[in-house]
Amino acid sequence: MKAKSSHSESTPYRFTSSGGFRIFAGKNNVQNDKLTLKNAARSDIWLHAQKIHGSHVIISCAGTTPDDDTIKEAASIAAYYSASRSDGKVPVDYTLVKNVKKPSGGRPGMVIYNDFKTIITVPDEDLVKRLRYS
């Protein structure tokens, strides 16, 4: 019997926005899959740095609409946990989880999405540290 990989045992990074919303960020491609496709509600908001490897970030909305600051904070988290962390301004796409799908035969963490908006943000390590909890 194979031992479980550490990927399946770890939990996503967890944050609380200044508006009180819970935000989650996957630590790896397997966790991104689970977070987006299994754990998130269809009405939650999904964010990801545009066209670059990075964490799937979920704003847990619980049926409400997050404020603009929460979206900006989550976008900064997505930029920070992406391959574009050191690039300065990073485009981050966001949409409802219901608009995110796994393509047939797609690798873990690979998704396609539609009906999205893009926000330009800066990866902010201080913000990430301030909002993160364990």
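Helix 68-80 and the longest principal axis of the C-alpha atoms of the chain enclose an angle of approximately 50°. Using a/c under 1.5 as the rounded threshold, could you call segment 33-86 rounded, prolate or oblate? The axes a ≥ b ≥ c are square roots of the C-alpha gyration tensor eigenvalues, and prolate needs a/b larger than b/c, oblate otherwise. Since a/c reaches 1.5 but b/c is at least a/b, the shape of segment 33-86 is classed as oblate. Dividing the summed helix terms, -39500 (n - 2.57) for each DSSP H run of n ≥ 4, by the number of residues in the chain produces a 222 nm estimate of -5500 deg cm²/dmol to the nearest 500.
Tell me, what % of the accessible area of segment 1-104 is carbon and sulfur with a 1.4 angstrom probe? After summing per-atom areas, the C and S share lands at 50 percent. Taking only the C-alpha atoms of segment 8-61, Rg followed by Dmax gives 10.7, 30 Å. At q = 0.17 Å⁻¹, what is the log10 ratio I(q)/I(0) for the chain, with the Debye formula run over Cα points and no solvent? Taking Cα atoms of the chain as identical point scatterers yields -0.83.
Simple rule: put +1 on each Lys or Arg Cβ and -1 on each Asp or Glu Cβ in segment 35-134, find the dipole, and look at Thr121, Thr70, Ser55; the Cα lying farthest toward the positive end is Ser55.
Gain on full extension, evaluated as 0.36 nm per residue between Asn99 and Asp67 minus their Cα-Cα distance, stands at 9.5 nm. Segment 47-79 and segment 82-108 have Cα centres spaced 10 Å apart. Solvent-accessible area per residue in segment 19-134 equals 54 Å², computed with a 1.4 angstrom probe and all protein chains kept.
With a Förster radius of 25 Å applied to the beta-carbon distance between Arg22 and Val122, the computed FRET efficiency rounds to 0.65. Taken along the Cα-to-beta-carbon direction at a fixed 7 Å, the label points for Tyr133 and Ala83 span 3.4 nm. In a simple Cβ point-charge model (Lys, Arg +1; Asp, Glu -1; nothing else charged), the chain has a dipole of about 620 debye relative to its Cα centre. If you count Lys pairs in the chain whose Cα atoms are under 17 Å apart, skipping same-chain pairs closer than 8 places in sequence, the total is 20. Every pair of different Cα atoms in segment 88-134 enters the Kirkwood calculation, which places the hydrodynamic radius at 13.1 Å. Extension gain for the segment Ile52 to Ser10, taken as residue separation times 0.36 nm less the Cα-Cα distance, is 12.8 nm to one decimal. Label-to-label distance, Arg107 versus Ser43, with points set 7 angstrom from Cα along the beta-carbon direction: 3.6 nm.
The values are calculated or read from the model by the stated rules, or taken from the named source; none is laboratory data. For clarity, every value in this text was computed on a predicted model and none was experimentally measured. Counting neighbours? That spans all protein chains shown, and the Cβs are built from the backbone with ideal geometry, glycine included. To get the accessible areas, we keep the full protein, side chains included, count just its heavy atoms, and leave off ligands, DNA and RNA. Shrake-Rupley method; radii C 1.70, N 1.55, O 1.52, S 1.80 Å.
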